[in-house]
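Read through the structure below, which is laid out as structure tokens, and then see the notes.
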Amino acid sequence: MVQNNLQFEIQGVALLDIAKKFGTPLYVYDGQKILDQVALLKQAFNTVDLRIKYATKALSNLNILKLMRKSGAGVDAVSIEEVHLCLHAGYQPEEIMYTPNCVAFDEIQQAVKLGVMINIDNIPMLEHFGTYYGQEIPICIRLNPHILAGGNAKISVGHIDSKFGISVLQLKHVLKIVEAYQLNVTGLHIHTGSDILDATVFLKGAEIVFDAAREFKDLQFLDFGGGFKVGYKPGDVTTDIMDVGQKVSEAFKAFCEEYGRNLELWFEPGKFLVSEAGYLLVKANVVKSTPASTFVGVDSGLNHLIRPMMYDAYHGVVNLSQTEGPERVYTIVGYICETDTIAADRKLKEIKEGDVLAIKNAGAYGFSMSSNYNSRLRPAEVLVLDGKAHLIRERESFEDILRHQVDIGL
Ligand code: LLP
């Protein structure tokens, strides 16, 4: 989003005009920003055989998946439904990495039938897999590297108390199973967490994967997950992707040389690719002062963007309707009937009833984590591409609230 003197715009299209045309609350995505992020990642890793597996869960609209595919990115799917969605978007099965956790074996069998790459997250599943398929189907193994990293405890998943993956300390056990069933392990995977700043965390993770990889003879790829940190707050330090690219690529090439084969290097970014591209546009319904604060109540809330309440996440806010004049301090709150703070104590251009606000960094884990709480409708979604705003999801209607409810005639 850039500000020309009078208005905020994406690719020359004023966000206010988009809000006027499609209404609020509204998710708007800048397709060019997504393409730029993919290009940046490719550039950072241009000395290795990089494969991007976009984390579908971050933003799973079909059109976003299609845009990713056009940009040359594959996908990471964490449920059989996401696998179907990616296939529906035109992905070939071999472009899809399926990384479930805590699913029943029959879901894994469905994924095998669909022909996607299976990432196994626990030892019992590895044994089931061996029993059913032996060496017939190639697999990846998800290791838990025991690294504590991430922006918030809820999104740090590579540590010892986490449910994810198979502990690296259980590698011996894994190897016995691989040997016993003659499993065809073609990849190893880790995902340490989300909002990881530092190249050293990725390097540490990579070293742990390399150590494990030495024990497997037929690897084709190593997958280092997602987690690159994007800037949410002004002045936030973000992952220096060129630095990570350079350092991890060097270490990776040295490992490949030792291993005796050029492997593919996989990453599964979500936030890095789509967070900054997304805005949630909302309308100020009420401006209300209390002894402690001036609240702005908007036509949205934690049902549409749960990150502030769930992770104490900071999202920048801009008053699109007022680009000049004085600022005041506001707390932006949602219309949900419980504490529902979107942004506390922010200096913003004076807000009047009816003004449209943009909540920034709403591309990742925004719409995809939205709900119908309070029986509210979920927003529409718009994608701006080549200077045009396209509706990519219709606003819900009251019928959607009733859909699937069974009236037993009481
Ligand atoms: N790969 C795996 C296996 C993952 O579990 C995740 C995220 C990613 C890749 C992508 O991570 P990213 O690059 O987006 O950080 N809802 C939370 C984030 C949860 C992340 C879950 N896994 C949030 O809004 O901060």
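Rule-based calculations on the coordinates, nothing more; no lab input. Source: prediction; values computed, not measured. In this analysis, Cβ positions are derived from the backbone assuming ideal geometry, glycine residues included, and neighbour counts consider all displayed protein chains.
Taking the C-alpha atoms only, the angle from helix 171-181 to the longest principal axis of the chain is near 60 degrees.
For the chain, what is the relative contact order in percent, using Cα pairs closer than 8 Å and at least 6 residues apart in sequence? Numbers along the way, then the final one.
Values: 897 pairs, mean separation 78.9, N = 410.
Relative contact order for the chain comes out at 19 percent.
Out of the stretch 333-404, which trypsin sites (Lys or Arg not before Pro) are coil in DSSP terms and have no more than 12 other C-beta atoms within 10 Å?
Values: sites: Arg346, Lys347, Lys349, Lys352, Lys360, Arg376, Lys388, Arg393, Arg395, Arg403; in loops: Lys352, Lys360, Arg376, Arg395, Arg403.
Of the trypsin sites (Lys or Arg not before Pro), the ones in loops of the stretch 333-404 whose Cβ has at most 12 other Cβ atoms within 10 Å are Lys352, Arg403.
Of interest is the spacing of the C-alpha centroids, which for the stretch 130-187 and the stretch 274-308 amounts to 40 Å.
Taking amide H as placed 1.01 Å from N in the peptide plane, Ile342 has its amide H under 5 Å from the amide H of Ile332, Val333, Gly334, each at least 5 places away in sequence or on another chain.
For the stretch 183-243, state which trypsin sites (Lys or Arg not before Pro) are in a DSSP loop and have at most 13 other beta carbons lying within 10 Å of their beta carbon. Spell out each step's value before the answer.
On the way: sites: Lys204, Arg214, Lys217, Lys229; in loops: Arg214, Lys217, Lys229.
Passing sites in the stretch 183-243 are Arg214, Lys217.
Less than 5 angstrom separates the built amide H of Leu59 from those of Tyr365, all sequence-distant by 5 or more or on a different chain. Neighbours of Asp195 by Cβ distance under 9 Å: Lys/Arg scored +1, Asp/Glu scored -1, total +2. For the stretch 35-85 and the stretch 372-389, what is the separation of their Cα centres, given in Å? Result: 21 Å between the Cα centres. Relative contact order of the stretch 60-269, taken over Cα pairs closer than 8 Å and 6 or more residues apart, is 15 percent. With θ taken as phi - 60° and the Karplus curve 6.51 cos²θ - 1.76 cosθ + 1.60 applied, the whole-hertz 3J(HN,Hα) list for the stretch 237-252 is 7, 10, 4, 7, 5, 5, 5, 4, x, 5, 5, 5, 4, 4, 4, 5 Hz, x standing for glycine and proline. With a threshold of 19 Å on the Cα-Cα distance, the over-threshold entries among Lys204/Lys247; Lys66/Lys388; Lys33/Lys204; Lys163/Lys253 are Lys33/Lys204; Lys163/Lys253.
What percent does the relative contact order of the stretch 1-112 come to when contacts are Cα pairs within less than 8 Å and at least six residues apart? Walk me through the numbers on the way to the answer.
Values: 100 pairs, mean separation 19.4, N = 112.
17 percent.
Scaled to the globular estimate 2.2 N^0.38 Å, the Cα spread of the chain, given as radius of gyration, is 1.05.
About its Cα centre, how strong a charge dipole does the chain have in debye, to the nearest 20, once Lys and Arg get +1 and Asp and Glu get -1 at the Cβ? It would help to have the intermediate numbers written out before the result.
Values: 40 positive and 50 negative charges, 122 e Å.
Computed charge dipole of the chain: roughly 580 debye.
Each helix, a run of at least 4 DSSP H residues, gives -39500 (n - 2.57); summed and divided by the residues of the chain, these come to -8500 deg cm²/dmol at 222 nm.
DSSP assigns beta bridges within the chain; of those with both partners inside it, close to 50 percent run antiparallel. Across the stretch 43-58, coupling constants 3J(HN,Hα) worked out from phi with the 6.51/-1.76/1.60 Karplus curve, θ = phi - 60°, read 5, 5, 10, 6, 9, 10, 7, 7, 10, 8, 10, 4, 6, 3, 4, 5 Hz, and Gly and Pro carry x. For Lys229, what charge total do you get from the other residues with a beta carbon under 13 Å from its beta carbon, if Lys and Arg give +1 and Asp and Glu give -1? Here the charged neighbours net out to -4. For Arg393, the residues 5 or more places off, or on other chains, whose built amide H falls under 5 Å of its own are Glu381. Using θ = phi - 60° in the Karplus curve 6.51 cos²θ - 1.76 cosθ + 1.60, the 3J(HN,Hα) couplings for the stretch 383-395 round to 10, 9, 9, 6, x, 10, 9, 10, 6, 10, 8, 6, 4 Hz; x is entered for Gly and Pro.
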